[in-house]
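Undergrad: Can you read through this structure? Questions will come right after.
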Amino acid sequence: MCAAIGGDDDDHTVSVAELPYTEVGLERRSRLAGSCIVVWKHGHVAEPTQLGPEEAAGYWRDVLAVARAIEVQFRPMKLNLLTLGNWVPHLHTHVVPRYADDPAPGGPIGWEAMFSGQPVDSELLHATAGRLRTELLGWPVRGGRPSLH
């Protein structure tokens, strides 16, 4: 994950935005519309407990901004924030919108139920990423990676 920082779209995500402390990607294979991953971008850190107070506050501010953008754009019935790192030990949080018709409505959802073997249509993903970007940054960005710097 460290090597992917500063990159664009990849096999797993479509780039949404670069925020002050994180990069945001829209999951390509999620069954849950708007599901994003928020990745710490300032060097290798495995746990949020390794951040100083200002860095930790900034990280969680970015995560909450993404959660709010998903709420506005998709109106899920609930959001799950998953800060795992068991397989990929780099600080990241999955912001997972939950819907009444998702694979496990009203209960915990298994990893395998969240993801599909096939990616969502690329055109739809890029349109969704654009809507989230506009919500996060307040304006659309053309011809490059969006940034709050």
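The values are calculated or read from the model by the stated rules, or taken from the named source; none is laboratory data. Because the structure is predicted, anything quoted here is derived from the model rather than measured. Reconstructed Cβ throughout: ideal geometry from the backbone, glycine too, with neighbour counts over all protein chains shown.
Undergrad: Looking for whichever is free of Cβ contacts under 8 Å to residues at least 24 places away in the same chain, over 24 Å from residue 124 (Cβ atoms) and small (Gly, Ala, Ser) here; the options are 46, 56, 100. Which one fits?
TA: Answer to the selection: 56.
Undergrad: Any residue at all in the range 1-11 that is under 12 Å from residue 129 (Cβ atoms) and either at pLDDT 95 or above or not in a helix (DSSP H, G or I) (or both)?
TA: At the first step, the residues of the range 1-11 found to be under 12 Å from residue 129 (Cβ atoms) are 8-9.
Right, trim to either at pLDDT 95 or above or not in a helix (DSSP H, G or I) (or both) and you get 8-9.
Yes, the conditions are met somewhere in the range 1-11.
Undergrad: Same structure, new question: Would you confirm, using the coordinates I've provided, whether residue 102 is part of a loop (DSSP other than H, G, I, E, B) and either within 12 Å of the chain's Cα centre (by Cα) or charged (D, E, K, R) (or both)? Write out each step before concluding.
TA: Values: part of a loop (DSSP other than H, G, I, E, B): yes; either within 12 Å of the chain's Cα centre (by Cα) or charged (D, E, K, R) (or both): yes.
Spelling it out, residue 102 is indeed part of a loop (DSSP other than H, G, I, E, B) and either within 12 Å of the chain's Cα centre (by Cα) or charged (D, E, K, R) (or both).
Undergrad: Just a yes or no: is a residue in the range 40-59 under 10 Å from the mean Cα position of the chain (by Cα) and buried (at least 16 other Cβ atoms within 10 Å of the Cβ)?
TA: no
Undergrad: Can you tell which of 51, 81 is at pLDDT 95 or above, of a type in the set (A, V, I, L, M, F, W, C) and in contact with a Phe, Trp or Tyr (Cβ under 8 Å, 6 or more places away or on another chain)?
TA: 51
Undergrad: With the requirement that a residue be surrounded by 17 or more Cβ atoms within 10 Å (Cβ to Cβ) and in contact with a strand residue (DSSP E or B) (Cβ under 6 Å, 6 or more places away or on another chain), what does the range 61-78 give you?
TA: Of everything in the range 61-78, those that are surrounded by 17 or more Cβ atoms within 10 Å (Cβ to Cβ) and in contact with a strand residue (DSSP E or B) (Cβ under 6 Å, 6 or more places away or on another chain) turn out to be 62, 63, 66, 67, 70, 74, 76.
Undergrad: Right, another one. Could you list, ordered by first residue, the pairs with Cβ atoms under 8 Å in which the first is in the range 63-90 and at positive phi and the second is acidic (Asp, Glu) and in a helix (DSSP H, G or I), at least 6 apart or interchain?
TA: Going by the 8 Å Cβ cut-off, there are no qualifying pairs.
Undergrad: Residues to consider are 138, 110, 144; find the one that is within 14 Å of residue 30 (Cα to Cα), at pLDDT below 95 and over 15 Å from the mean Cα position of the chain (by Cα).
TA: From the options 138, 110, 144, the qualifying one is 110.
Undergrad: Which residues, counting only those in the range 20-43, are in contact (Cβ under 8 Å) with a residue 24 or more places away in the chain and under 12 Å from residue 93 (Cβ atoms)?
TA: 21, 22, 24, 35, 36, 37, 38, 39, 40
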